[in-house]
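*Asks:* Quick one: the structure is below, questions incoming.
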Amino acid sequence: LGLSGERLVSGMDRIAKNNGVIVAWPQGIRNGWNSVPSTELKEGDIDDVTFLLALVEEIKKIVHIDTSRIYIMGISNGGAMAQIVACEASRTFAAVSTVAFQFPMAPGDCDLEVPLPMISFHAPTDSVIRFDGSSQGLPSAGLSAPESYDAWSDINDCMGDSDVYFEEGNSFCEKRSACMDDVEVAFCTIDGQGQLLGGHLTYFNNDNVNLSEHVWGLFSRYQR
């Protein structure tokens, strides 16, 4: 999301302040991210994976951080970028979250070195990145949001059923907890009916679900 848009809509600054967390808000070139795997970069392409990993290293030089508790999140194009970076540098991050974007590559191309906790959010009425994976130009295998949840579960070797752990109005969250190394994979279906772009800016939703609290609820339980 361009112009530090996620900072404006997510409320994560408040979550960070209340929990003693450092949060960084990088900005992509031309308000976007080149969210393709490094192996697919062409000559002259912007390498945002390298940029984001370099940013992590720069932050380490500036402030004292717990390097076992580095997390990455994003919305829309930024959600795709977060997943790409997580797949390529799973040892760097303790958990990942995406809002309003499915798995941005074929799941078989996400080669995690270590299991990685994950939580994702999507509105079934999203008119930009469609819940069913039918968006024009979606740079992925065309997975739906639920199929992306299944894919993240598979690459983390999760077993067993998906259990609903949160319900509010027409919104609900489910998770798989029987995964390798005790990681958890979660997915929230959020009611965005009638909201801007069908709820693409999922932080604004009909049930007042605070997505960032759910993100931090998962992030805070994991360290690398």
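The values are calculated or read from the model by the stated rules, or taken from the named source; none is laboratory data. Remember, predicted model here, so these are calculated numbers, not experimental data. Virtual Cβ from ideal backbone geometry, glycine too; neighbours counted across all protein chains shown. Heavy atoms of the whole protein, side chains included, go into the accessibility calculation; ligands, DNA and RNA do not. Shrake-Rupley method; radii C 1.70, N 1.55, O 1.52, S 1.80 Å.
*Asks:* Connecting C-alpha atoms closer than 10 Å in a GNM of the chain, tell me which of VAL164, VAL114, VAL96 has the biggest fluctuation.
*Replies:* Fluctuation is largest for VAL164.
*Asks:* Would you work out what percent of the accessible area of the chain, with all protein chains in place, is carbon or sulfur (probe 1.4 Å)?
*Replies:* 49 percent
*Asks:* Let me ask another. Place a +1 charge on the Cβ of each Lys and Arg in the chain and a -1 charge on the Cβ of each Asp and Glu, then give the dipole magnitude about the Cα centre in debye, rounded to the nearest 20.
*Replies:* 820 debye
*Asks:* Moving on to the next point. Given a Förster distance of 30 angstrom, what is the FRET efficiency for HIS64 paired with ALA178, based on the Cβ-Cβ distance and rounded to 0.05?
*Replies:* 0.25
*Asks:* A further question follows. Just how far, in whole angstrom, is the range 60-82 from the range 1-49 if you go by their alpha carbon centroids?
*Replies:* Measuring centre to centre over Cα atoms gives 8 Å.
*Asks:* For every helix of n ≥ 4 consecutive DSSP H residues, a contribution of -39,500 (n - 2.57) applies; sum these over the chain, divide by its total residues, and give [θ] at 222 nm rounded to the nearest 500 deg cm²/dmol.
*Replies:* -8000 deg cm²/dmol
*Asks:* Same structure again: With springs only between Cα atoms under 10 Å apart, run a GNM on the chain and tell me which of ASN18, ASN206, ASN77 wobbles the most.
*Replies:* Of ASN18, ASN206, ASN77, the Gaussian network model singles out ASN18 as fluctuating most.
*Asks:* Further question: Which residue, chosen from TRP25, ILE72, PRO115, occupies the Cα position most advanced towards the positive end of the dipole of the range 16-165, where the dipole is computed from +1 (Lys, Arg) and -1 (Asp, Glu) charges on Cβ about the Cα centre?
*Replies:* TRP25
*Asks:* Cut-off under 19 Å on the C-alpha distance; same-chain residues fewer than 8 positions from LYS17 excluded. Which aspartates and glutamates are left, in chain and number order?
*Replies:* Correct list for LYS17: GLU6, ASP66, GLU213.
*Asks:* Are there trypsin sites (Lys or Arg not before Pro) in the range 48-121 that DSSP puts in a loop and that have at most 15 other Cβ atoms within 10 Å, and which ones?
*Replies:* Passing both the DSSP loop test and the Cβ count: ARG91.
*Asks:* Just grab the label-to-label distance for GLU167 and SER38, each label 7 Å out from Cα along the Cβ direction, in nm (one decimal).
*Replies:* Reported label-point gap for GLU167 and SER38 is 4.4 nm.
*Asks:* A further question follows. Quick check for you: with a 1.4 Å probe and neighbouring chains kept, what is the accessible area per residue of the chain, in Å²?
*Replies:* 48 Å²
*Asks:* Within a Cβ distance under 13 Å of MET81, other residues only, what is the Lys/Arg minus Asp/Glu net charge?
*Replies:* -4
*Asks:* Please get the size of the charge dipole for the range 69-197, origin at its Cα centre, with Cβ charges of +1 on Lys and Arg and -1 on Asp and Glu, quoted in debye to the nearest 20.
*Replies:* 440 debye
*Asks:* Where both residues lie in the chain, what percent of DSSP beta bridges are antiparallel, nearest 5?
*Replies:* Expressed as a percentage, antiparallel bridges in the chain total about 45.
*Asks:* Next question. Given q = 0.07, 0.14, 0.15 Å⁻¹, what are the Debye log10 I(q)/I(0) values for the chain, with equal point scatterers placed on the Cα positions and solvent ignored?
*Replies:* Debye output, listed in q order: -0.19, -0.83, -0.97.
*Asks:* I've got another one for you. Let me check I've understood the local charge: for GLY192, count other residues with C-beta under 11 angstrom from its C-beta, Lys and Arg +1, Asp and Glu -1. What total comes out?
*Replies:* -3
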